[in-house]
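Enquirer: Here it is, the structure, as structure tokens.
No value in this document is a laboratory result; all are computed from the given coordinates. Predicted, not measured: the structure shown is a model, and the values here were computed from it. Counting neighbours? That spans all protein chains shown, and the Cβs are built from the backbone with ideal geometry, glycine included.
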């Protein structure tokens, strides 16, 4: 044993400093123990302020900081182009999270996925239960590519105390609100009917981008995640087919201009609800603040005798944020 240890030490000496440094780099990977000052002030994953005790990663001569230890692992999984883009923005002090609009909204995109944030379509603050408009403009933040609106900036920290649980509770509300209007009686992936199958249990209700999607089994949920856009397109078609014939508005809910037939109108689906616009500019205006438009659409569906398409966004109040334990 002693002879083997001596031989090992001699081999290390023959390797030289550069070889030993390379071996150390391979052992530690990108997680350097002697990192310099982070080039970024905001975490690339959480978009929160970098914390000194959260660890760093050395990437192409730049030190990247994070808001919590787990974020470094997610960053390490990004491809090279995505890392390069973040570093370039950080050097220019323009990384996501450093600039917010007057409503407190992030850059409008999910940093991890590069997709626009899914609009928040509930009518109340998830913490206070206040209906939007009672306290001025809502305060908006993006979590995991999902927009969440609060009645004030003071509610956001309460939501973030246990983010996973907060999002889970919000999902429960979204499922409750969207289930009555869900357009499919079958799994969007397999085509299996939810009713009448002896082999299948209860459908799986899953919220993706603030939107309810239902599956017959866990395997289909996994398949959905491989190509969500394709399956959401099918769901969009079902929503449009379900709600187009009795759609209660004859004018664009933003401009008030008349919607002149399928060739002119723009049909969009938000939270499994059809909204028709006269032009792309009105779509953008809607997505900036969907609350007022959705309430207008609620009233129109109620007046048309279709409460099943209106009740979905009549939220019953805020969440109970007492997590227990």
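Enquirer: For the residue pair residue 226 and residue 137, what label-to-label distance in nm results when each label sits 7 Å from Cα along the Cα-to-beta-carbon direction?
Expert: 4.4 nm
Enquirer: Going by a ≥ b ≥ c, the root eigenvalues of the Cα gyration tensor, does segment 244-308 fall in the rounded group (a/c under 1.5), the prolate group (a/b larger than b/c) or the oblate group? Don't skip to the answer; put the middle values down first.
Expert: Numbers: a/c = 1.68, a/b = 1.21, b/c = 1.39.
Verdict is oblate for segment 244-308.
Enquirer: Further, regarding this structure: According to the Kirkwood expression over distinct Cα-Cα pairs, how big is the hydrodynamic radius of segment 171-315, in Å? Could the numbers behind the result be given before it?
Expert: Values: mean 1/r = 0.0620 Å⁻¹.
Final number for the Kirkwood radius of segment 171-315 is 16.1 Å.
Enquirer: Using only the alpha-carbon atoms, what does segment 147-198 span along each of its principal axes? Please give whole angstrom values in decreasing order.
Expert: Largest to smallest, the principal-axis extents are 48, 20, 15 Å.
Enquirer: Still on this structure: Can you tell me how much longer the chain between residue 85 and residue 303 gets when fully stretched, taken as 0.36 nm per residue apart minus their C-alpha distance, in nm with one decimal? Can you show the working numbers first?
Expert: Numbers: separation 218, 0.36 × 218 = 78.48 nm, distance 5.00 nm.
Between residue 85 and residue 303, full extension yields an extra 73.5 nm.
Enquirer: Just to verify a number: FRET efficiency for residue 236 and residue 165, C-beta to C-beta distance, R0 = 30 Å, to 0.05?
Expert: Working: r = 30 Å, r/R0 = 1.01.
Computed FRET efficiency for residue 236 and residue 165 comes out at 0.50.
Enquirer: Taking the Cα centre of each part, how many Å lie between segment 236-259 and segment 132-182?
Expert: 26 Å
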